[in-house]
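Asker: To start, I am sharing the structure in question, which I have written as structure tokens.
The values are calculated or read from the model by the stated rules, or taken from the named source; none is laboratory data. Every value quoted in this text rests on a predicted model; they were computed, and no experiment measured them. Every residue, glycine as well, gets a Cβ built from its backbone with ideal geometry; the counts of neighbours run over all protein chains shown.
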Amino acid sequence: MNKVFLILVLIVCFACSGEENTYVEISENKKLDFPQPDFFPQPVYNLEENPPTEKGFELGKKLFYDGRLSSTGVISCGFCHVQEFSFTHHTHEVSHGVDGALGTRNAQPLMNLAYFEEFSWDGAAQHLDSFSIIPITTDTEMNETVSNVINKLKSDQVYSELFAEAFNNGEVNTQNMFRALSQFMVMMVSADTKYDKVLEGNSVFSEEESAGQSLFEAKCASCHKGILFTDQSYRNNGLSIDPRYNDIGRERVTGLEEDKYKFKVPTLRNIAVSLPYMHDGRFQSLKEVLDHYDSGVEPTQNLDPSLQQENNLGISLTETEKNQLISFLNTLTDDNFLLDRRFSEF
Amino acid sequence: MKKIICFVLISMLAVSCKDDDTIETTSIEISFANKINSQNIELNTGVYQTTLGESYSINELKYIISNISFIKDNGEIFTYPVEDSYFLVDEEVPSSKIISLENIPVVNYKKIKFGIGVDQSNYPLNDVDNFVPTAEESLMHWSWSAGYIFFKIEGEYSSTGDQPDENFLFHIVSHGTNLDNYKTVELSSNFGFDLTENKLISIEADLSKLFNAVYDIRIEDKPDIQVDPVNAPKIAENVSQLFSSVPFSSTE
């Protein structure tokens, strides 16, 4: 009798617990540690909603380097975003897409994306997970439809297995594809430069670098602000209007005349390797960029007020100062990141 | 004593796994009828007048219905699962004008609420990404901005009220985070939405209100409205006023 009693108590205790423990962690798919640098702000990207995992990262990397995401089967994300050049299209002024088509803007570097609020030169995409739609579907880039990409992935055994391993619902669908790409991209944290080592007290600037830093703080840091070297705002930096593109910049997104010719202030991390420069890649060297700020700024509509003070256009710089600034900018190159095998195609 | 406890335990066991509040659920259909002057609109051939004296015809009419919820008398809300709550209504595709929902608690609801477009808090989260292929196939997604088109109408107009021969198009979207043109619509009706009686909800959109519901729209002033922080919000506001619930009748 005692036993029956005990069994009954146990049955009652467990009878309704069927709903619990439905979450089973897939043991092979380990969560990755996000490499948050000490001096960085908190990520904007919600890492709890889409936590990078080993399999998700692997899937994202495979997608990133897969030409099948394009209509011709050969243009992958990595085609225009080359790691050694901070994931930019080295020496290409504007991005090149399918069948040699030319875009109108320079491919932006990919790094520290977890800290950015909006994406692309004009901020058209407000979330990293949706950004990739732009290059995939733009006719001069990958020229494909999201539906076709999903169908191609569904018919591929390797992908089906990877999706199944990477995500709880295991489905090959749009959300999982973009989440995998984001997992790969948010892990691209670059914070191991000489500049960072100096901050940590593990290195010192040369005299020239130090002079460059002072100049930078005084003349550049109001826009290229903080640890990410951008305040993430949109500004017109006085480039002449190229009639080939007549790119109105941020106005395309907001429809506001006051946003005409404004573009996102780019980060300057790894700037020495991410040439060419500006939204249309018009400058081939940092020297040309500094020459522009010194003597090339044009008073186009909505020119940033910081570039027109007391009737002087631009930021006056001597040749010595330019060299000092370039020395400082060179300390923002993160070789370990540029060569990090986790992100490389092969 | 043990026998009593035993009896109590057995009784507990008997009832413990029964969900006391099991509410019956049902599948329902919501139909959308796009009308002008109480008649279903006729794509391409129908010619209509605005209150400002312009005439127009419609070649294309599409909109996204989203975030459907049902509100009871006591204010309680039943929200349809967000990830399944995105639909594209295309005037040209009859099947798109009937939305099927499943597992709705059978209650006499007082109101129904839905969105037009995609709210920024959900995109691209909560599986709303998975609606991209549907929107893309119907050209309701903008490649360059990776964003949904919430409401699209294209056609021809005549500013003098004659046979329409000039193109007009309104593509309503949100403009980045600066300007959210997502709208919600809340409909109540005298007869309620009594799912114990009826599994069908009938909604009409009176397209003539597009030009005068809140703002008077003269097509000639701006026949192409897309990323337009002045005019797009007016169209969006008018769109939010198009809808009403009507007693169900098979209008299609």
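Asker: Kindly list, by first and then second residue, each pair from a residue in segment A:198-222 that is of a type in the set (D, E, K, R) to a residue that is surrounded by 15 or more Cβ atoms within 10 Å (Cβ to Cβ), limited to pairs with Cβ atoms under 7 Å and residues at least 6 apart or on different chains.
Answerer: Sorted first by the residue in segment A:198-222, then by its partner, the pairs are A:Glu208/A:Gln324; A:Glu208/A:Ser327; A:Glu209/A:Ser327; A:Glu209/A:Phe328; A:Glu209/A:Thr331; A:Lys219/A:Ile315.
Asker: Okay, moving on. Does at least one position in segment A:255-272 carry a residue that is among the hydrophobic types (A, V, I, L, M, F, W, C), in a strand (DSSP E or B) and either closer than 25 Å to A:Thr91 by Cα or in the same structural domain as A:Ile150 (by TED's automatic domain parsing) (or both)? Step through it out loud before you land on a result.
Answerer: To start, the set of residues in segment A:255-272 that are among the hydrophobic types (A, V, I, L, M, F, W, C) comprises A:256, A:263, A:265, A:268, A:271-272.
Still in the list and also in a strand (DSSP E or B): A:263.
Those still in the list that are either closer than 25 Å to A:Thr91 by Cα or in the same structural domain as A:Ile150 (by TED's automatic domain parsing) (or both) too: A:263.
There is at least one residue in segment A:255-272 that is among the hydrophobic types (A, V, I, L, M, F, W, C), in a strand (DSSP E or B) and either closer than 25 Å to A:Thr91 by Cα or in the same structural domain as A:Ile150 (by TED's automatic domain parsing) (or both).
Asker: Specify which of the listed residues (A:Phe328, A:Phe343) is surrounded by 15 or more Cβ atoms within 10 Å (Cβ to Cβ), at pLDDT 95 or above and outside the structural domain of A:Leu239 (by TED's automatic domain parsing). Steps first, answer last, please.
Answerer: Details: A:Phe328 fails: outside the structural domain of A:Leu239 (by TED's automatic domain parsing).
Step by step, each of A:Phe328, A:Phe343 is checked, and only A:Phe343 is surrounded by 15 or more Cβ atoms within 10 Å (Cβ to Cβ), at pLDDT 95 or above and outside the structural domain of A:Leu239 (by TED's automatic domain parsing).
Asker: Of the residues that make up segment B:218-229, is at least one within 14 Å of another protein chain (Cβ to nearest Cβ) and among the hydrophobic types (A, V, I, L, M, F, W, C)? Reasoning before the result, please.
Answerer: Let us first name the residues in segment B:218-229 that are within 14 Å of another protein chain (Cβ to nearest Cβ), namely B:222, B:224-229.
Filter once more, so that each one left must be among the hydrophobic types (A, V, I, L, M, F, W, C): B:225, B:227.
Yes, segment B:218-229 contains at least one residue that is within 14 Å of another protein chain (Cβ to nearest Cβ) and among the hydrophobic types (A, V, I, L, M, F, W, C).
Asker: Residues being among the β-branched types (Val, Ile, Thr) and in contact with a Gly (Cβ under 9 Å, 6 or more places away or on another chain): count how many of those fall in segment B:124-167.
Answerer: The qualifying residues number 2.
Asker: Whether any residue in segment A:116-127 is at pLDDT 95 or above, part of a helix (DSSP H, G or I) and on the phi < 0 side of the Ramachandran plot is what I want to check.
Answerer: No, the conditions are met nowhere in segment A:116-127.
Asker: Examine segment B:234-250 for a residue that is in contact with a Lys or Arg (Cβ under 9 Å, 6 or more places away or on another chain), under 13 Å from B:Phe168 (Cβ atoms) and buried (at least 16 other Cβ atoms within 10 Å of the Cβ), and state whether such a residue exists.
Answerer: Checked segment B:234-250: no residue is in contact with a Lys or Arg (Cβ under 9 Å, 6 or more places away or on another chain), under 13 Å from B:Phe168 (Cβ atoms) and buried (at least 16 other Cβ atoms within 10 Å of the Cβ).
Asker: Run down B:Ile203, B:Ile116, B:Ile172 and say which single residue is closer than 30 Å to A:Asn151 by Cα, away from chain A (no Cβ under 14 Å) and buried (at least 21 other Cβ atoms within 10 Å of the Cβ). Working first, answer last.
Answerer: On the way: B:Ile203 fails: closer than 30 Å to A:Asn151 by Cα; B:Ile172 fails: away from chain A (no Cβ under 14 Å).
Step by step, each of B:Ile203, B:Ile116, B:Ile172 is checked, and only B:Ile116 is closer than 30 Å to A:Asn151 by Cα, away from chain A (no Cβ under 14 Å) and buried (at least 21 other Cβ atoms within 10 Å of the Cβ).
Asker: Any residue at all in segment B:136-150 that is in a helix (DSSP H, G or I) and over 29 Å from B:Gly75 (Cβ atoms)? Spell out how you get there, then give the answer.
Answerer: Step one: of segment B:136-150, the residues in a helix (DSSP H, G or I) are B:136-137.
When the remaining residues are screened for being over 29 Å from B:Gly75 (Cβ atoms), the result is B:136-137.
Yes, that holds for at least one residue.
Asker: Still on this structure, I have one more. With assigned to a helix (DSSP H, G or I), assigned by TED's automatic domain parsing to the domain that holds A:Tyr261 and either modelled with pLDDT of 95 or more or within 21 Å of A:Asp340 (Cβ to Cβ) (or both) as the only criterion, which of A:Leu199, A:Leu181, A:Leu162 stands out? Talk me through it step by step, then tell me what you get.
Answerer: On the way: A:Leu181 fails: assigned by TED's automatic domain parsing to the domain that holds A:Tyr261; A:Leu162 fails: assigned by TED's automatic domain parsing to the domain that holds A:Tyr261.
That would be A:Leu199, the only listed residue that is assigned to a helix (DSSP H, G or I), assigned by TED's automatic domain parsing to the domain that holds A:Tyr261 and either modelled with pLDDT of 95 or more or within 21 Å of A:Asp340 (Cβ to Cβ) (or both).
Asker: Ok, one more. Could you figure out which of (1) assigned to a loop (DSSP other than H, G, I, E, B); (2) facing chain B (nearest Cβ under 9 Å); (3) closer than 21 Å to A:Leu47 by Cα isn't true of A:Ser130?
Answerer: Unmet for A:Ser130, out of (1) assigned to a loop (DSSP other than H, G, I, E, B); (2) facing chain B (nearest Cβ under 9 Å); (3) closer than 21 Å to A:Leu47 by Cα: (1).
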